[in-house]
Amino acid sequence: MIRGISFHNYTKEFPYNLRLASPVILGMVGHVVVQLVDNIMVGQLGPSELAAISLGNSYIFIALSIGLGFSTAITPLVAESHVAKRPMVIRLIFSNGLIMCFSLGILLSLAVFLAHPILYRMGQPPEVVDLAIPYLKWVSFSLVPLITFQAFKQFSDGLSKTLPAMYATILSNGLNIVLNYFLIFGVWIFPQWGIEGAAIGTFISRAIMVLFMILYMIKKKNIRTYLPGFDDWKFKPMIFNKLLSIGYPSALQMLCEFLFFISAIWLSGILGELSQAANQIALNLTAITYMFAMGIGVVATIRIGNYKGAKNFKELKRVAYSIFLLILIMDVIFCFTLLVSRHELPWIYLDNNNVEEFLEIQTVVLMASQLLLISSIFQIFDGTQAVILGALRGLQDVKIPALICFIAYGLVGFPLSYYLSMNSSMGVTGIWIGLLAGLLLSSSLLFIRFELMTNKLIVNR
């Protein structure tokens, strides 16, 4: 029982939540699986190459967090307007949101491309930086189609149409794996470009995603109805300001969260390429399970946005609790899965037949298994904070959550990671203890915030 109400009142929402979430989860997991395949392919080249991809992607993730944060403003606004049956407003939200995302993609791509010299001033291993820079230059261009794609995705998610983005992602991921195989290793008539080949394959596959979404939405009548007409492609200050008012704090929140995890890459790089390779393995595996939380978080944004538009706040809270319970159950399963398989999983990234570097590879595997032990514990807090953030985004409450994330990650988690890794014998394990502390604090404070917000809405109703 939860507050005198049977669990059935929550679990009966599971089937619909999972139907809505499944395409989102598959799409997001698909992205991470491609990263997994990239890491496995590049890992065959050696630990330095694997560390280089980790370092290069850290820059990409910073820019991506900003683009993703702004794009998330589209979903709750579309979801609220969809329930209120305001198709004209939906068209304006999408047109202004697409302009915003495309412009951000160009600006962020240029920023990453021009910032690559900073890598040499970050205390990273020189051989890793030399490998990372060509990769970073190529993959920075892929930010334009990726962030543009997010506008289409967030729009269709707001309409509760979560399948189009899944189809686009599956197509893109399959193409990416094939291109990476040919371009990394120089198969058939293609040149052997190593990690640069992975970046080029990523750019092409992300461009295909955008093209697919355009064609799909034009073809499907139930989505085409909401697509902007010629007269809708105009700047609307009221709509644009609303997008910015939700998107800007959301971008700051995502930036804090991404920087928190990216700091683990940078700190592990200071400790050496083996620590950085182990950290990359643990982060990649953890990211796969986190995509489930992100998918459930999208459902939270959609459904909470719908109930907010209908002003049914008691049902809003009940549905939110059902979503929180669902992710809690999933994260407990992930926790035990990582716990029992932490010694075997790192080997899928590395070549155990590499005699020349076998001692280094064994060291990486040992460190990665230790990190996965900590990761198995923080699965629960990582997943719940992501879903609660999605629920708060559905309420269009983004400023205080952004502040909470800054406190939890910037003022508690990162300082602890830095101290334990740089001033103790823990090394890279200390970094992950700091990650755990930050996630524990953020999930607790965000839940309190959700309780306060929903109770206030119910009372004032």
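The values are calculated or read from the model by the stated rules, or taken from the named source; none is laboratory data. If you're wondering where the values come from, they're calculated on a predicted model, not measured in any experiment. Cβ coordinates were reconstructed from backbone atoms using ideal geometry, including for glycine residues, and neighbour counts include every protein chain displayed. All accessible areas refer to the heavy atoms of the entire protein, side chains included, with ligands and DNA or RNA removed. Shrake-Rupley method; radii C 1.70, N 1.55, O 1.52, S 1.80 Å.
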Descending accessible area (1.4 Å probe), largest on the left, turns CYS405, CYS335 into CYS335, CYS405
In deg cm²/dmol and to the nearest 500, what is the mean residue ellipticity at 222 nm of the chain if only DSSP H runs of at least 4 residues count, each as -39500 (n - 2.57), divided by the residue total?
-> -28000 deg cm²/dmol
Going by a ≥ b ≥ c, the root eigenvalues of the Cα gyration tensor, does the stretch 101-246 fall in the rounded group (a/c under 1.5), the prolate group (a/b larger than b/c) or the oblate group?
-> oblate
Percent of all alpha-carbon pairs of the stretch 1-152 at distances over 27 Å, whole number, is 43 percent
Whole-percent tail of the Cα-Cα distance distribution for the stretch 309-443, cut at 18 Å, equals 66 percent
Quick one: if you stick a label point 7 Å off each Cα along the C-beta vector at GLU315 and GLN44, how many nm between them?
-> 5.3 nm
Of all the accessible heavy-atom surface of the chain, with the other protein chains kept in place and a 1.4 Å probe, what percent is carbon and sulfur?
-> 70 percent
Rounded to the nearest 10 Å², the 1.4 Å probe accessible area of THR148 is 10 Å²
Just by accessible area at a 1.4 angstrom probe, what is the order of MET88, MET213, MET41 from largest to smallest?
-> MET88, MET41, MET213
How do 381-388, 361-368 rank on mean C-beta neighbours within 10 Å, highest first?
-> 381-388, 361-368
For the chain, count all C-alpha to C-alpha pairs, find those more than 38 Å apart, and express that count as a whole percent of the total.
-> 21 percent
Rounded to 10°, Cα long-axis angle of helix 428-460 versus longest principal axis of the chain | 0 degrees
Note, ³J(HN,Hα) from phi for the stretch 279-284, Karplus 6.51, -1.76, 1.60, rounded to Hz, x at Gly and Pro | 4, 5, 4, 5, 5, 5
Heads up, the stretch 69-157 by the C-alpha gyration tensor (a ≥ b ≥ c square roots of eigenvalues; a/c under 1.5 rounded, else a/b over b/c prolate, else oblate) looks prolate
Difference of contour (0.36 nm per residue) and Cα-Cα distance, ARG86 to ASP130 = 10.6 nm
In nm, spacing of pseudo-spin labels at SER103 and ASN455 (7 Å Cα→C-beta vector) = 4.1 nm
Proximal charge balance of TYR409 [Cβ under 15 Å; K/R count +1, D/E count -1] = -2
List the relative contact order of the chain as a percent without decimals, with contacts defined as Cα pairs under 8 Å and 6+ residues apart.
-> 22 percent
Given Cα pairs under 8 Å that are at least 6 residues apart, what percent is the relative contact order of the stretch 342-454?
-> 29 percent
For SER444 and SER424, compute 0.36 nm times the residue count separating them, minus their Cα-Cα distance, and round to one decimal in nm.
-> 4.4 nm
